[in-house]
Amino acid sequence: MTPTENFWQDRRVFVTGCTGLVGSWTVRALRERGAHVVGLVRDRVSGSELVRAGLHRHLDIVRGGVESQPLLERALAEYEIQTVIHLAAQTIVGIANRSPLSTFETNIKGTWCLLEAARRCGYKPHVVVASSDKAYGDQPVLPYTEDAPLQGRHPYDASKSCTDILALTYAHTYGLPVCVTRCGNFYGGGDLNWNRIVPGTIRSVLRGEPPVIRSDGSYVRDYFYVKDGAAAYLHLAECMARRPEVLGHAFNFSTEIQVTALQMVQRILRLLGSPLQPVVLGEAQNEIKHQYLSAAKARALLAWRPRYTLDNALQETTDWYRAYLLSAAADGTPAAGEGGRARAA
């Protein structure tokens, strides 16, 4: 899975959602490989890794929302984009439950606007669309494979089922060179949504507070390190450009390790050498209890493998948050995303 020499050099790449967790690390990976990156930015997110690491100074920025199809079409045409990595989404399940229409607007309308812009811009760029394991909904057979039906029933899950179907519609009906990724729960340095299990737990422990688990702790998830995710997107985009037989396919990317929320919290506690015990609330609603993926298709067709073990990735992640929180404390400013006490999934 070594990057092809010079493939990305000066390649014109459009990234939506570039201020988000996965977007920031994807931009970093693209810049390290010499790509010309154009990023869609709706809001200035001061705590974003894109800004914190100074990456925003090394890309062309298009201001606006992913729901604006004319804006997207103009950007893709004027920058002569060759590859699109579509990551923009409202990704927080709790927000989706409280505000389904804004979630549908971003995740569903935003996807069709991006795809229509790619179809109409005149360049037929390769498009990688980020779906999610949540697109599968609740399934009787685990792990999820790519031929399982897409049957999201809760707002976030349904929005990702629609995202996925729209992307493959444009591939099969219009011949747009599209592939879909379905990944599990991303984690890694730069995620400042403290209600997520990894950053919330790390921040609580570093502050000497017991971490809080919203569910009963038994929910099983597929946790995916953000650096592996960024590398997977780039690897898939390379395969799309060189191997047309993969176009129009969806691919699961996963470490294929099943971990409960309680086990994840306990791993972090051990890693940080903490005697604290988690507070288990048992309050989670509209969430599927067991979700994990098979990555057999990506291994077979793309020769893809993750680079990080769970413990190595968590070590890097805890190191990032330790440095980040120390820096914020030294500056006398609250950590970005500061809110109430963190509650893990």
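Can you tell me the orientation of helix 110-120 relative to the chain, as the angle in degrees between its alpha-carbon axis and the longest Cα principal axis, to the nearest 10?
The angle comes out at about 20 degrees.
Please give me, ordered by residue number, the chymotrypsin sites (Phe, Trp or Tyr not before Pro) of the range 1-78 that lie in loop per DSSP and have at most 16 other Cβ atoms within 10 Å.
Numbers: sites: PHE7, TRP8, PHE14, TRP25; in loops: PHE7, TRP8.
Loop-located and lightly packed - PHE7.
For the Cα atoms of the chain, what angle does the longest principal axis make with the long axis of helix 197-206, in degrees from 0 to 90, nearest 10?
Helix 197-206 sits roughly 40 degrees off the main axis of the chain.
Can you give the accessible area of ASP138, probe radius 1.4 Å, in Å² rounded to 10?
About 100 Å², ignoring ligands and nucleic acids.
So what's the back-of-envelope 222 nm ellipticity for the chain, counting only DSSP H runs of four-plus at -39500 (n - 2.57) apiece and dividing by all residues, rounded to 500? Intermediate results must be reported in sequence, preceding the final value.
Values: 12 runs with 135 residues, N = 345.
So the helix-based figure for the chain works out to -12000 deg cm²/dmol.
Averaged per residue, what accessible surface does the range 1-78 expose to a 1.4 Å probe, in Å²? Write out the running numbers ahead of the final one.
On the way: 3510 Å² over 78 residues.
Result: 45 Å² of accessible area for each residue.
Would you mind calculating the relative contact order of the chain from Cα pairs under 8 angstrom and at least 6 residues apart, reporting the percent as a whole number?
Contact order relative to length: 18 percent.
Quick one: Cα centre-to-centre distance for the range 178-222 and the range 1-74, in angstrom?
Their Cα centres are 24 Å away from one another.
In whole percent, and with a 1.4 Å probe on the protein chains, what portion of the accessible area of the range 1-60 is carbon and sulfur? Show your work: numbers first, answer last.
Values: 1070 of 2700 Å².
So the carbon and sulfur contribution to the accessible surface is 40 percent.
Just flag the trypsin sites (Lys or Arg not before Pro) in the range 19-121 sitting in loop per DSSP whose Cβ has no more than 12 other Cβ atoms within 10 Å. Don't skip to the end; give the middle numbers.
On the way: sites: ARG28, ARG31, ARG33, ARG42, ARG44, ARG52, ARG57, ARG63, ARG74, ARG98, LYS109, ARG119, ARG120; in loops: ARG33, ARG42, ARG44.
Filter output for the range 19-121: ARG44.
Using Stokes-Einstein with the Kirkwood hydrodynamic radius over Cα pairs, what translational diffusion coefficient do you get for the range 193-308 at 25 °C and a viscosity of 0.890 mPa s, in µm²/s rounded to a whole number? Please list the in-between numbers first.
Numbers: Rh = 16.1 Å.
For the chosen part, D equals 153 µm²/s.
Can you pull out the trypsin sites (Lys or Arg not before Pro) in the range 159-219 whose DSSP state is coil and whose Cβ has at most 14 other Cβ atoms within 10 Å? Spell out each step's value before the answer.
Details: sites: LYS160, ARG182, ARG196, ARG203, ARG207, ARG214; in loops: ARG196, ARG207, ARG214.
For trypsin sites (Lys or Arg not before Pro) across the range 159-219 that sit outside H, G, I, E and B with at most 14 neighbouring Cβ atoms in 10 Å, the list reads ARG207.
At 1.4 Å probe size, with the rest of the protein present, what percent of the exposed accessible area of the range 104-167 is carbon and sulfur atoms? Let's see the in-between values first.
Working: 1340 of 2470 Å².
Roughly 54 percent, rounded to a whole number.
Semi-axes of the range 32-139's equivalent ellipsoid from the Cα gyration tensor, sqrt of 5 times each eigenvalue, largest first, rounded to whole Å? Intermediate results must be reported in sequence, preceding the final value.
Numbers: eigenvalues 112, 71, 37 Å².
Value: 24, 19, 14 Å, ordered largest first.
What does the accessible area per residue of the range 157-258 come to in Å², with a 1.4 Å probe and no ligands, DNA or RNA counted? Mind showing how you got there, number by number?
Values: 2810 Å² over 102 residues.
On a per-residue basis, 28 Å².
Note the per residue figure in Å³ for the convex hull of the C-alpha positions in the range 121-163.
Hull volume over Cα atoms, normalised by residue count, gives 88 Å³.
Pop out the carbon and sulfur fraction of the accessible area of the range 204-321 as a percent, whole number, probe 1.4 Å. Please list the in-between numbers first.
Details: 2290 of 4820 Å².
So the carbon and sulfur contribution to the accessible surface is 47 percent.
Write down the Kirkwood hydrodynamic radius of the chain, to one decimal in angstroms, obtained as one divided by the mean of 1/r over all alpha carbon pairs. Don't jump to the answer; show the numbers that get you there.
Details: mean 1/r = 0.0493 Å⁻¹.
It works out to 20.3 Å.
How big is the dipole moment of the chain about its Cα centre under a simple scheme where the beta carbon of each Lys and Arg is +1, that of each Asp and Glu is -1, and everything else is neutral? Debye, nearest 20, please. Numbers along the way, then the final one.
Numbers: 38 positive and 33 negative charges, 48 e Å.
The dipole magnitude comes to about 220 debye.
Across the range 210-216, in residue order, what do the Karplus-derived ³J(HN,Hα) couplings come to in whole Hz, using 6.51 cos²θ - 1.76 cosθ + 1.60 with θ = phi - 60° and x for Gly and Pro?
x, x, 10, 10, 5, 7, 8
The values are calculated or read from the model by the stated rules, or taken from the named source; none is laboratory data. For clarity, every value in this text was computed on a predicted model and none was experimentally measured. Neighbour counts run over all protein chains shown; Cβ positions are idealised from the backbone, glycine included. Only protein heavy atoms, including side chains, enter the accessible area calculation; ligands, DNA and RNA are left aside. Shrake-Rupley method; radii C 1.70, N 1.55, O 1.52, S 1.80 Å.
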